[in-house]
1. Please count how many residues of the range 281-307 are within 14 Å of the ligand (Cβ to nearest atom) and among the aromatic types (Phe, Trp, Tyr).
2. If I filter the range 12-59 down to residues being surrounded by fewer than 17 Cβ atoms within 10 Å (Cβ to Cβ), of a type in the set (A, V, I, L, M, F, W, C) and part of a helix (DSSP H, G or I), which single residue comes out as farthest from the ligand (Cβ to nearest atom)?
3. Mind listing whichever residues of the range 203-220 are within 13 Å of the ligand (Cβ to nearest atom) and either assigned to a helix (DSSP H, G or I) or open to solvent by 20 Å² or more (accessible area, probe 1.4 Å) (or both)?
4. Filter the range 153-171 down to the residues that are outside any helix (DSSP H, G or I) and within 16 Å of the ligand (Cβ to nearest atom), then identify the one that is farthest from Lys291 (Cα to Cα).
5. Condition first: within 21 Å of Ser261 (Cβ to Cβ) and under 21 Å from the mean Cα position of the chain (by Cα). Now tell me which residues in the range 21-44 satisfy that.
6. Taking Glu150, is it closer than 29 Å to Leu103 by Cβ, open to solvent by 60 Å² or more (accessible area, probe 1.4 Å), at pLDDT below 95 and assigned to a helix (DSSP H, G or I)?
7. Could you check, for the range 172-195, whether at least one of its residues is touching a strand residue (DSSP E or B) at 6+ places or on another chain (Cβ under 7 Å) and within 12 Å of the ligand (Cβ to nearest atom)?
8. Going through the range 221-253 one residue at a time, which ones are of a type in the set (Gly, Ala, Ser) and open to solvent by less than 80 Å² (accessible area, probe 1.4 Å)?
Amino acid sequence: MHDATRDISAYEEISLVEEFAADVLQGLSLPKKYLPPKYFYDGRGSKLFEAICLTPEYYVTRTEHNILCRNADSIVAKLPKDASLVEFGSGNSSKTRLLIEALLRRSRSLKYHPIDISSSALASSASELLQHYPSLEVRTIHAEYFDGMESLSTITKGPKLILFLGSNIGNFEPAEAVNFLREIRTRMNPEDRLLVGVDMVKDLAVLEAAYNDAEGVTAEFNLNLLRRINCELDGNFDLDAFRHLALFNPAKSRIEMHLESLVDQTVSIKSIDKEFMFARGETIHTENSYKYTEDKLAGLFVDAGLERSEQWSDEHRYFTVNLLSPKR
Ligand code: TRP
């Protein structure tokens with residue numbers, strides 16, 4: 001099926017399942033079991049993630065939204081009039097709308113290139129945006145971050161604002177975060193700008209509650225990984241025999257998410273013809289969310305060859321939005 005808004009896809013459906021199988025086999029065979037977080041985002045997972053963003057405990061999205069809402073005009077005032085938007089990990093693009101609107105207040109048309117791992121999120125956000133903003137041109141890029149990077153040099157000729165919001169930078173290991181920003185930096189022209197949203201270190205109770213919402217949406221999201229293995233790889237995980245765990249690790253300054261086995265058990269995954277043993281209390285590590293101090297953050301940008309021209313924050317300094325240019 002041809003969809004005019006869907007231009008670039010780095011995926012082939014068949015190799016996707018094979019890659020999933022290979023990653024599951026590798027991750028669950030490690031002495032410390034691990035599953036890559038990119039598999040959170042099937043259709044159901046993307047919906048659950050949107051629901052996480054609306055829970056009262058998950059201050060991250062709300063805080064960043066408010067910062068962008070208050071400062072969208074000052075942010076875009078720093079860009080050339082004909083700048084286009086590129087976004088890594090766009091999701092449902094709800095916060096992006098604030099910048100789209102600010103940009104459309106200054107010029108009649110705008111190009112927007114969202115890059116995301118979730119084809120369902122891309123498709124639905126693109127069609128909503130097109131309905132809402134008739135003068136917007138949307139070109140979606142279905143890809144993982146590093147694959148999507150290539151399009152930075154190919155899609156647009158003119159100046160661009162590159163968005164990396166939601167503290168998705170915190171889901172990289174610190175060394176990977178430097179590497180990722182550096183890769184972006186090498187593809188930036190002098191007039192391009194990068195806007196990075198970063199969740200900061202704060203009170204432990206606030207941090208842990210954000211990843212343990214009372215309604216259990218984050219738990220559902222985490223457990224969705226096991227459900228996917230059951231559905232797509234013919235596994236027999238008992239979802240009631242695992243529970244979601246999210247704890248702040250102060251030594252590493254990160255929230256760690258795990259799935260903890262509640263009993264001694266064996267799980268079989270037919271499509272890879274394997275059985276995995278779990279001891280009671282053993283966990284599968286599924287995600288990290290690093291929280292930055294201002295010092296660490298400043299160091300990250302310097303290491304990546306980026307110069308920060310401005311930073312916006314909220315009254316509690318829970319979250320910062322950072323505008324960066326390539327250092328000359
Ligand atoms: N980057 C955000 C964060 O770390 C969003 C996110 C990524 C997230 N993976 C998650 C939120 C898993 C909850 C659970 O907060």
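1. 2
2. Taking the candidates together, the pick is Ile14.
3. Val206, Leu207, Glu208, Ala209, Ala210, Tyr211, Asn212, Gly216, Val217, Thr218, Ala219, Glu220
4. Of everything passing the filter in the range 153-171, Leu163 is farthest from Lys291 (Cα to Cα).
5. Matches in the range 21-44: Asp23, Val24, Gly27, Tyr34, Leu35, Pro36, Pro37, Tyr39, Phe40.
6. yes
7. no
8. Just the residues of the range 221-253 that are of a type in the set (Gly, Ala, Ser), to begin with: 235, 241, 246, 251, 253.
Those that are of a type in the set (Gly, Ala, Ser) and open to solvent by less than 80 Å² (accessible area, probe 1.4 Å): Gly235, Ala241, Ala246, Ser253.
The values are calculated or read from the model by the stated rules, or taken from the named source; none is laboratory data. Owing to the predicted nature of the structure, the values given are computational and were not obtained by experimental measurement. Here Cβ is always computed from backbone atoms with ideal geometry, including for glycine, and neighbour counts include all displayed protein chains. Ligands, DNA and RNA are stripped out before the accessible areas are found, and what is left, the full protein with its side chains, is counted by its heavy atoms. Shrake-Rupley method; radii C 1.70, N 1.55, O 1.52, S 1.80 Å.
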